[in-house]
Amino acid sequence: MSQPMSRRAFVAGAAATAAAAGIAVPRVSSAADKPALLGGTPVHKGGWPGWPDWRQSWEPEILEVLRSGRWSSAGGGGLAARFEAAYAKLLGAKRCVATASGTTALITALHVMGVDAGDEVIVSPYTFIATYNVCLMHKALPVFADTDPATLTMDPASIESRITERTRAILPVHIYGMPCDMDPINAIAKKHNLAVIEDACQAWLGEYKGRKCGTLGDLGCFSFQNSKHIPAGEGGAVTGLREELLDRCQAFHDCGRPFGTFRGSGCFSRGTNCRMTHYQAAMLLQQIDKLVAETERRRASADHLTAGLKQIPGIQPVRLPENSRAVWHLYAFRYDAAQFHGLPRGTFIRALGAEGIPCGGGYHEQYFDGILDEAINSRGFKRLFSAERLKAYRDSLQELKGNKQVCETTVGMFNTVLLADRSQVDRIVEAVRKIHAHSAALAKKA
Ligand SMILES: Cc1ncc(COP(=O)(O)O)c(C=O)c1O
């Protein structure tokens, strides 16, 4: 029969088990190390890796673009074409069309998949606002699926009830680099003859069942904006597996000029100019190996962090779809204030910040910000949709219960914490444990 354990033996045993599993071993909190928010000493006093970072070795290629006088990628070839080939290979995509930004990649993909004025697109509400904007730019209504609180991504079970005869496409977002559960989404799309456009703007090298994000739907869209894991200041890409669709993307992003399958037929379609410059491509080409190496590093740190955090009551790590790998643009978890003596999430975030761990609350319920009201009250939308439809649409925003929960309970840290040394990553677990241990005192002060 097992003997009852002394507290010291329990702590020593737990520490040994955790250490063997490679999990952070937190110091036991005491009155001496009270929370920094209440005047104690911060757990982490050093900084965190900055972003973006660059190498001097990139300079010659960028200077070469400058000296060549060939800065625009109009006419094809050059570094932009080299980047397109390299990025497509990295993803296992048929091709890649490099664009000026993630937003313009999405605008291109929606156009090519036939999203037009008066259509509806089923969208993840938990996303950067550009995902809403690109639908509105096409004068289509973004109809929000709900968010699954366990995954923070589109809840496939909420899609079908939102499909109408106007629905043209589904636009899931691999938010924070966490792949959506694409099999059920693709199955629903197939059943209702809808296009699937992946917003993979935060999911470079994200994987779902052995395939990369950006190759899982009809077309996938990426962003290379300054904060991204492979940044060029601005930049984007459309990827996919179907040559003809990519030819259409190529044409649309280059003023409607004919390309590939459509060569020789004149400007056969509408278009815009959202070409990437060779400067952007030069920056991106230098970073492919860096992206691969840093993605593995972020993954290893995230696994380690999750193993430590999930032991703390009230911290719920995010669930990924089976057989998938995230890239952690943000490392997010859900926070249950009830397990922290009712400490509000905002105070928890401030307390973690005071401990030297920068974090935030992620996206809020942006659909109430006014963007949608401005759109649906505009002349164009009123012409395209009936007053009843627009009213029903506005009312339906109240039904996004899962998304509301996610917006109110998520805590996220920018991915650079995952690039820090393992000992620094351990400080995150230690800080959360400390706040948990002192949550009653913190809640009283909140
Ligand atoms: C999910 C998501 N979609 C779309 C975009 C738009 O990309 P860009 O800023 O490159 O236009 C972003 C960029 O932050 C994003 O995070």
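The values are calculated or read from the model by the stated rules, or taken from the named source; none is laboratory data. It should be emphasised that the depicted structure is a prediction, and the values quoted were computed from it without experimental measurement. All Cβ positions, glycine included, derive from the backbone under ideal geometry; neighbour counts span all protein chains shown.
Points worth noting:
- Qualifying residue in the stretch 42-59 (condition: charged (D, E, K, R), closer than 30 Å to ASP247 by Cα and assigned to a helix (DSSP H, G or I)): no
- Check on LYS382, free of Cβ contacts under 8 Å to residues at least 60 places away in the same chain, over 23 Å from GLY47 (Cα atoms) and surrounded by 13 or more Cβ atoms within 10 Å (Cβ to Cβ): no
- Among (1) at pLDDT 95 or above; (2) over 25 Å from ILE175 (Cα atoms); (3) in a loop (DSSP other than H, G, I, E, B), the one test that CYS267 misses: (1)
- Boolean, ALA200 is in contact with a strand residue (DSSP E or B) (Cβ under 8 Å, 6 or more places away or on another chain) and within 18 Å of ASP119 (Cα to Cα): no
- Summed over the stretch 385-401, residues that are part of a loop (DSSP other than H, G, I, E, B) and surrounded by 15 or more Cβ atoms within 10 Å (Cβ to Cβ) total 2.
- Residues located in the stretch 171-184, provided they are aliphatic (A, V, I, L, M) and within 15 Å of the ligand (Cβ to nearest atom): LEU171, VAL173, ILE175, MET178
- Close contacts from the stretch 413-440, counting a first residue that is modelled with pLDDT of 95 or more and outside any helix (DSSP H, G or I) and a second that is buried (at least 23 other Cβ atoms within 10 Å of the Cβ) and of a type in the set (Ser, Thr, Tyr), with Cβ to Cβ under 7 Å and a gap of 6+ residues or different chains, come to MET413/TYR331.
Here is a yes/no grid of residues against (1) over 13 Å from the mean Cα position of the chain (by Cα); (2) over 26 Å from GLY75 (Cα atoms); (3) in a strand (DSSP E or B):
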position	(1), (2), (3)
LEU205	no, yes, no
LEU216	yes, yes, no
ALA237	yes, no, yes
GLU244	yes, no, no
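- Selection within the stretch 314-354 - surrounded by fewer than 22 Cβ atoms within 10 Å (Cβ to Cβ) and in a helix (DSSP H, G or I): ALA337, ALA338, GLN339, ARG345, GLY346, THR347, ILE349, ARG350, GLY353, ALA354
- Residues of the stretch 99-138 that turn out to be more than 9 Å from the ligand (Cβ to nearest atom), assigned to a helix (DSSP H, G or I) and of a type in the set (Ser, Thr, Tyr), as a count: 2
- Residues of the stretch 221-232 that are more than 13 Å from ALA88 (Cα to Cα) and either near the ligand (Cβ under 10 Å from one of its atoms) or in a strand (DSSP E or B) (or both): SER223, PHE224, GLN225, ASN226, SER227, LYS228, PRO231, ALA232.
- Filter pass, GLY264 being on the phi > 0 side of the Ramachandran plot and within 16 Å of the ligand (Cβ to nearest atom): no
- Test for ALA187: is it within 12 Å of the ligand (Cβ to nearest atom), farther than 21 Å from ILE371 by Cα and surrounded by fewer than 24 Cβ atoms within 10 Å (Cβ to Cβ): no
- Enumeration of residues in the stretch 286-313 that are within 17 Å of VAL411 (Cβ to Cβ), surrounded by fewer than 17 Cβ atoms within 10 Å (Cβ to Cβ) and in contact with a helix residue (DSSP H, G or I) (Cβ under 6 Å, 6 or more places away or on another chain): PRO313
- Applying the condition of being away from the ligand (no atom under 15 Å from the Cβ) and crowded, with 19+ Cβ neighbours inside 10 Å to the stretch 152-168 and asking which residue is farthest from GLY210 (Cα to Cα) yields THR167.
- Residue in the stretch 204-212 that is over 30 Å from GLU294 (Cβ atoms) and within 16 Å of the ligand (Cβ to nearest atom) present: no
- Residue match in the stretch 240-248 (condition: at pLDDT 95 or above, in contact with a Leu (Cβ under 7 Å, 6 or more places away or on another chain) and within 16 Å of the ligand (Cβ to nearest atom)): no
- Residue under evaluation PRO60, criteria (1) in contact with a helix residue (DSSP H, G or I) (Cβ under 8 Å, 6 or more places away or on another chain); (2) loosely packed, with under 12 Cβ neighbours inside 10 Å; (3) not polar (S, T, N, Q), criterion not met: (1)
- Filtering the stretch 190-239 to residues that are on the phi > 0 side of the Ramachandran plot and crowded, with 24+ Cβ neighbours inside 10 Å leaves GLY214, GLY235.
- Among the residues here, LEU141 qualifies as buried (at least 24 other Cβ atoms within 10 Å of the Cβ) and either over 21 Å from GLY177 (Cα atoms) or away from the ligand (no atom under 16 Å from the Cβ) (or both).
- Residue in the stretch 104-121 that is crowded, with 20+ Cβ neighbours inside 10 Å, touching a residue at least 24 places away in the same chain (Cβ under 8 Å), under 16 Å from THR277 (Cα atoms) and in contact with a Ser or Thr (Cβ under 8 Å, 6 or more places away or on another chain) present: yes
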